[in-house]
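Q: Could you have a look at this structure, given as structure tokens, before my questions?
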Amino acid sequence: MQGFLILLTAALLPMQIVLAADAATNDCLTCHSKNTIMNKGVHLYIDPLKYGLTTHSRIGCVSCHDNVTKRHPKDKVRPSRAKCQDCHAAVFTEYDQSKHGKYADCTDCHKPHAVKPLLAVSGRDINIQCAKCHEYTKMVKSHSKWLPQATLHIDALPCITCHTGSKNYVISMYMVKNVSGSSLGGVALASFEDLLPFLSEGEKVGTLIDIDGDGAISLSELKKFNKSRKYRSISLLGTMMPEVVTHNYDILDNRRDCTFCHASGPNAQQASDLAFPEKDGTYSRIPVEKGAILDILYGTPDFYMTGFTRSNTLSIIGALIAAGGLMVPILHGTLRFFTRNRRKEQ
Amino acid sequence: MIMSEGKTTEQIYITPTPVRIWHWLNALGIVTLCITGIQIRFPEYANIFGTYKAAIKLHDVAGVTVSISFFLWFFYYLFVARSLMKLYIPNLEDIKRGLFTQAFFYFFYYFLGKKNPHTATPDNKFNAIQKMSYLLIMFVFLPLVIVSGLLLMNIAPLRGWIIMIGGIKFLVDAHYLLACSFFAFLCVHVYMATLGHTPFSHLRQMWTGWEEMETRPH
């Protein structure tokens, strides 16, 4: 019985901490989520929606600002700030030793009160952080020196796909909308609001494609979506997301070899998911049936990585056409050889 | 005119210089496109040009060369030689009888040693089957493979158009199947080129412009 009580206490402890943190956080947000607090300093305002989505919100304000007392702010004590390395020591050490460590702090990319988990952001959200220092046009220009179709690669991939050490990748597909009246390549990431007209009252955004709502997207569901005239203004573009993110952000020479991504063959890296924009600005992901990205036409009509997501069926059809052409000289030539004397006689 | 063993041959100037230059440039371009294309689609099986990037660059250069050469050929025949329609568009007679007669010759009479029913002249270079084949290749397949290739070379700036025509997979699939058809055509074309008066007479004609033709004594 005693053992059971210890186990129960141990099991409930994290929940108690979270509940306690929640209570304290609510106290803090009573003032810090009001716009009027910005009169004392813009940095004092905390967007409750954004903060609520962070992992940090689970441990609560006082975990990082631990000298805050019940008398705050009347006690005039300036709240302390925890250092990122207090919790993220390994990541900090890796980042600090990288070339980036000298030029940007953790908070330049990850706002502690708004930071989202990797899987809740789009590749473009990630690149916005990079573009604060690495101007887009300069990046296209520098990559164009060695990378074919540099604009395509930079637009389609998060920078960290090449500039972190992850060995494996997941293909993530995002919804884009056609932007009429813009340039020829007129597509932009579709937001939750863009998808609202396609949703019935209370319907989840994922059900646009995951029709049966089983939390997985089959190839037939994907085909139905792509063939539907109803969704003509929405397309699915794919990108490669690293499975593991490291913080060294090196220039890795093996990424300059195109075959690192383009020669994996149709049997590798078939895992993919579909990212749906949610009302709160995050993305939720639903896994897609293995091999769907290799479908000949309607699986992912707007996602193709040359040398990688080719369809085996199409390769065979093409080979048969080529073989048909080869058969003409072989068959005609054979008959020609055996009838050569007839032509000499004539 | 040359006479030997009762057979007479004569030299006829069939193919003008600009067309011959175009032909060999095109031939080099299409062979390069086929080989680099194999490496681009099947990189884990074929590494012919060292790196994948080298294969892509060469494919792009060859593709642009073939595209420019196609437009030069088109404008030369349409506006300079003014024989595009006459040479390449089959007439009613070609469709009603020419196709059948020529096919019957290739697949039957040729093996019996009969004479080719069509005699090439500068104004009537191609037989009915050749006209139909070149019409399909030059006016349908080549423009389609050029347009799909140019779109694939510029995906980012032309993404809107690519989505409008059915997506990048449709484009890649079409480009690949058209390329396979070109390879098949190339096999047949090279073989048919050996069916002249001598196995090399058509080849020599495409190099020098002059075709040696057999004329039987009356």
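Q: With springs connecting C-alpha atoms under 10 Å apart, model chain B as a Gaussian network and identify which of B:Tyr45, B:Tyr110, B:Tyr13 has the largest mean-square fluctuation.
A: Comparing B:Tyr45, B:Tyr110, B:Tyr13 in a Gaussian network model of chain B, the most mobile one is B:Tyr45.
Q: Continuing with the same structure: Please order B:Trp210, B:Trp22, A:Trp146 by the number of other Cβ within 10 Å, starting at the fewest. Can you show the working numbers first?
A: On the way: B:Trp210 15, B:Trp22 19, A:Trp146 9.
Taking fewest neighbouring Cβ atoms as first place, the list is A:Trp146, B:Trp210, B:Trp22.
Q: If contacts are Cα pairs under 8 angstrom and at least 6 residues apart, what is the relative contact order of chain B in percent? Kindly include the intermediate steps, with their values, before the conclusion.
A: On the way: 200 pairs, mean separation 65.8, N = 218.
RCO, chain B: 30 percent.
Q: Something else: For chain B, modelled as a Gaussian network with Cα springs under 10 Å, which listed residue fluctuates most, B:Gly63, B:Gly50, B:Gly98?
A: Checking each option, the largest mean-square fluctuation is seen for B:Gly50.
Q: Check A:Thr300: other-chain or 5+ apart residues with amide H under 5 Å from its amide H, H built from backbone geometry?
A: Distant-sequence amide H within range of A:Thr300: A:Asp295.
Q: Note the angle between two axes, namely the Cα long axis of helix A:312-338 and the longest principal axis of the Cα atoms of chain A, as a number of degrees from 0 to 90, rounded to the nearest 10.
A: 10
Q: What nm value, rounded to one decimal, do you get for the distance between A:Thr69 and B:Trp24 when each label is placed 7 Å out toward the C-beta?
A: 9.6
Q: Considering the alpha-carbon set of the protein assembly as shown alone, what are its Rg and its Dmax in angstrom?
A: 33.6, 124
Q: Then there is this: Please report, in Å, the Rg and the Dmax of segment A:116-312, where both are computed over Cα atoms only.
A: Taking only Cα atoms of segment A:116-312, I get Rg and Dmax of 16.8, 50 Å.
Q: Say we join alpha carbon atoms closer than 10 Å with springs in a Gaussian network model of chain B; which of B:Ala27, B:Ala156, B:Ala184 then has the biggest fluctuation?
A: Greatest mean-square fluctuation among the candidates belongs to B:Ala156.
Each value in this text was obtained by applying a stated rule to the coordinates, not by laboratory testing. All values reported here derive from a predicted model rather than from experimental measurement. In this analysis, Cβ positions are derived from the backbone assuming ideal geometry, glycine residues included, and neighbour counts consider all displayed protein chains.
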